[in-house]
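To keep things clear, I will list the structure first and then write my remarks on it.
The values are calculated or read from the model by the stated rules, or taken from the named source; none is laboratory data. This one's a predicted model, so the numbers in the text were calculated from it and none came from an experiment. Using ideal geometry, Cβ is built from the backbone for each residue, glycine included, and neighbour counts are taken over all protein chains shown. Areas reflect the complete protein model, heavy atoms only, side chains present, ligands, DNA and RNA absent. Shrake-Rupley method; radii C 1.70, N 1.55, O 1.52, S 1.80 Å.
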Amino acid sequence: MKEFKFKIGGQDYAATVEDLKDGQMKVTVNGQTYQVEVPHKKAEGPRVAMAPAAPEAQTAGTKNVNSELPGTVTKINVTNGQRVKRGDVLLVVEAMKMANDIVSEVDGTVQRVAVTQGQSVNQGDLLVEMVADFVAAKAEVTPKPAPAAPAPVAAPAPAAAAPAGTKTVTAPLPGTITKVTVKVGDTVNAGDTVLLMEAMKMENNITAEFAGTVKAILVETGAQVQSGQALVELD
């Protein structure tokens, strides 16, 4: 878990960022928790040769559309009784200063819009009730014969280990480097700020989790970085 302290407009903020799984992160700002998704971090499972899957059947019935995170409803695009297609934007919720499109996951009819424009909602609150269309069950697919197993090959040689004692400060989430506060050869203690990064329209202090000497600075001011990217190496 990463911890940050920063100021916006003179107000103090404390934030923590915790990696979950499949590209999900839990971000807590001044006690308010959000669950966010970082698309590039979604784990890719092993690729297996197989017959293409047919689309899943869509069953008829009421489908609730709930808010995925706390925010404010800034726009409503549908009305009761309106027909929509899967992927149509039903409404927009602003959360963490970002506009989030809330889309329909089914083809169907809007039964009831449960919120109004300007309303604040919490995670899990009902936004729209949908009545999904009935779609026939998927057709059977005849699987293709599995290909013959390839001949065994020698395992690749293990990658060279990192130099003993080297530790890396990494980016806790995607953002832009706004300032590097150390230089090669500097001595830092655990908790010292090594650079500043702007993420989600907030400036975050990136700190060392351990004491050491700056061996290498792997980014420069203005660089766009991804979650988990190496920023600074310490001996």
Next item on the list: Output the number of residues of segment 181-234 satisfying the condition of being closer than 25 Å to residue 25 by Cα and hydrophobic (A, V, I, L, M, F, W, C).
Entry: 18
Next item on the list: Kindly indicate which of 178, 166 is farther than 15 Å from residue 226 by Cβ and modelled with pLDDT of 90 or more.
Entry: 178
Next item on the list: Of all residues in segment 90-100, count the ones that are modelled with pLDDT of 85 or more and open to solvent by 50 Å² or more (accessible area, probe 1.4 Å).
Entry: 1
Note to self: Looking only at residues that are touching a residue at least 24 places away in the same chain (Cβ under 8 Å) and crowded, with 18+ Cβ neighbours inside 10 Å in segment 190-201, which one is farthest from residue 95 (Cα to Cα)?
What the structure shows: 194
Margin query: Please verify whether residue 106 is in a loop (DSSP other than H, G, I, E, B) and either modelled with pLDDT of 65 or more or open to solvent by less than 40 Å² (accessible area, probe 1.4 Å) (or both), treating the condition exactly as stated.
Written below: yes
Checklist line | Single residue of segment 216-235 satisfying the filter (open to solvent by 80 Å² or more (accessible area, probe 1.4 Å) and charged (D, E, K, R)) that is farthest from residue 183 (Cα to Cα) | finding: 235
Item checked: Count of segment 202-215 residues which are among the β-branched types (Val, Ile, Thr) and open to solvent by less than 40 Å² (accessible area, probe 1.4 Å) -> 2
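Restricting attention to segment 1-24, and to residues there that are of a type outside the set (D, E, K, R) and outside any strand (DSSP E or B), which single residue is modelled with the highest pLDDT? Give the derivation first.
First pass over segment 1-24, keeping only residues of a type outside the set (D, E, K, R): 1, 4, 6, 8-11, 13-17, 20, 23-24.
Next cut, outside any strand (DSSP E or B) only: 1, 9-10, 20, 23.
Values: 1: 69, 9: 60, 10: 67, 20: 75, 23: 69.
Checking each candidate, the answer is 20.
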